[in-house]
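The values are calculated or read from the model by the stated rules, or taken from the named source; none is laboratory data. Here the structure is a predicted model, which means the values were calculated and not measured. As a convention, Cβ positions derive from the backbone with ideal geometry for all residues, glycine included, and neighbour counts pool all protein chains shown. Ligands, DNA and RNA are excluded from the accessible area calculation, which covers all protein heavy atoms including side chains. Shrake-Rupley method; radii C 1.70, N 1.55, O 1.52, S 1.80 Å.
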Amino acid sequence: MNKHDTLIANLSRNLAPVEPPPNINRLAMAWFLLSAVYVVAVTQLFGPIRPGAISQLGTEPRFLLESLLGVAAILWTSLLAFRSAVPAALSKPFAAAGMVLMALWLGQYVFGLISPALEPSKLGMRHYCYFETLAYALPVILAGMFLLRRLYPLRPLRTAMSIGLAAGMLPALYMQLACMYEPSHILAYHILPGLLMVGVSAGIAAKWNPRRRNK
């Protein structure tokens with residue numbers, strides 16, 4: 001046996017078989033669906049949705065479009081976050097498409113300041129919706145980051161920020177049904193706290209991965 005064969009034999013002697021990585025898309029979908037069920041359940045636990053909100057989805061096309069865009073944007077961002085935790089699994093076009101979807105959804109509320117999808121009203125107002133959005137998103141973030149840590153994110157802060165965006169937007173979207181509909185209120189009390197969870201996720205990732213910060 002030559003030196004190369006000896007070296008290879010020595011290096012491979014104690015190697016254990018490596019389990020194949022989980023299907024990343026299925027994992028992202030499972031996290032998204034379970035998180036959505038959790039957000040809906042806990043929101044309902046602390047108060048009913050706005051009267052007539054469900055029927056408005058069938059009678060107001062723009063309101064339905066806003067809701068569907070929100071679901072699509074959050075689902076895409078969830079896939080983006082989990083794919084970013086596996087080397088070479090996330091392409092630039094896929095990431096760009098997710099950001100475009102998110103911008104299109106949030107842009108609906110900015111446009112709504114001029115031309116709202118629904119007649120603005122305080123009907124169904126939840127007095128603590130700002131804090132509800134923050135509180136409901138945090139367990140979703142922690143669950144997502146627990147799953148992501150079992151993978152190998154090369155840029156953990158970027159991955160954490162993506163999972164924070166998806167998690168923060170889940171309760172923000174459901175507040176569209178659970179709370180009053182008024183674009184300035186939505187932007188300030190639903191969307192803003194949802195966006196703040198991006199920073200919260202980055203802080204958690206920095207604590208969990210102090211030596212692997214994304215520069």
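For this structure, a couple of remarks:
- Listing of helices (runs of 4 or more DSSP H) fully contained in the stretch 23-121 that carry 1 or more residues being over 20 Å from Met169 (Cα atoms), open to solvent by less than 40 Å² (accessible area, probe 1.4 Å) and touching a residue at least 40 places away in the same chain (Cβ under 8 Å): 24-45
- Leading residue by the ranking (nearest to Leu142 (Cα to Cα)) among those in the stretch 182-197 that are crowded, with 20+ Cβ neighbours inside 10 Å and touching a helix residue (DSSP H, G or I) at 6+ places or on another chain (Cβ under 8 Å): Met197
- Residue that is out of contact with any Gly (no Cβ under 6 Å at 6 or more places or on another chain) and open to solvent by 40 Å² or more (accessible area, probe 1.4 Å), where the choices are Leu165, Leu147: Leu147
- When Arg83, Arg62, Arg50 are checked against the criterion of being within 16 Å of His190 (Cα to Cα) and not hydrophobic (A, V, I, L, M, F, W, C), a single residue qualifies: Arg50.
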